[in-house]
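What follows is calculated from the coordinates using simple rules that are stated; it is not laboratory data. Just so we're clear, the structure is a prediction, and the values are computed from it rather than from any experiment. Glycine gets a Cβ as well: all are built from the backbone with ideal geometry, and neighbour counts include every protein chain shown.
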Amino acid sequence: MHNKIIDAYPFLEQIPPDLLDTLDLNSLYIPTEQERSTLSELSALLKNPVVIYKKHYTAHGAHLCRTIRSAELTHDQLDALRACEAKLAANDKVLVAYCDPVEITVS
């Protein structure tokens, strides 16, 4: 499963492999081709990678969101993220933008 997730979110390769292996990445949704295109456009606009989380998934291990720093977005960037998320919300999906380059927050 990790390979499919890394293929969908290649920025995760910036996380050291030993740390990446401890993360429960099953909380991440594997986007369709259309969603990948949308994420790519949004990531370019935000200048930060964006992932889709499964809204009601409970992680069974270390959480990505507690391991790497989320991006600090301007008001306009946050509006763009929310607009994109609203299109996906009917499918219980949540968008999160992360710093690029990745900033590890755990030691």
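Neighbours of Asp92 by Cβ distance under 9 Å: Lys/Arg scored +1, Asp/Glu scored -1, total +3. Which of the three applies to region 2-97, rounded, prolate or oblate, going by the alpha-carbon gyration tensor with a ≥ b ≥ c and a/c under 1.5 meaning rounded? Prolate, because a/c is 1.5 or more and a/b exceeds b/c. Net length available on complete extension from His60 to Lys87 is 6.9 nm, with 0.36 nm assigned per residue and the Cα-Cα distance removed.
When Lys and Arg each count +1 and Asp and Glu each count -1, what net charge do the other residues less than 14 Å away from Gln14, Cβ to Cβ, add up to? Net local charge, Gln14 excluded: -3. Could you tell me the distance between the Cα centroids of region 24-43 and region 53-72, to the nearest Å? Computed from Cα coordinates, the inter-centre distance equals 14 Å.
Could you state the angle between the C-alpha long axis of helix 33-46 and the longest principal axis of the C-alpha atoms of the chain, as a value from 0 to 90 degrees rounded to the nearest 10? Approximately 90 degrees, to the nearest ten. Kindly list the residues of region 61-92 that lie in the label zone of Asn26, defined by a backbone N under 17 Å from the point 7 Å along the Cα-to-C-beta vector. Those under the cut-off are 61-65.
So, counting K/R as plus one and D/E as minus one, what does the shell of residues with Cβ under 13 Å around Leu81 add up to? Charge balance near Leu81 sits at -1.
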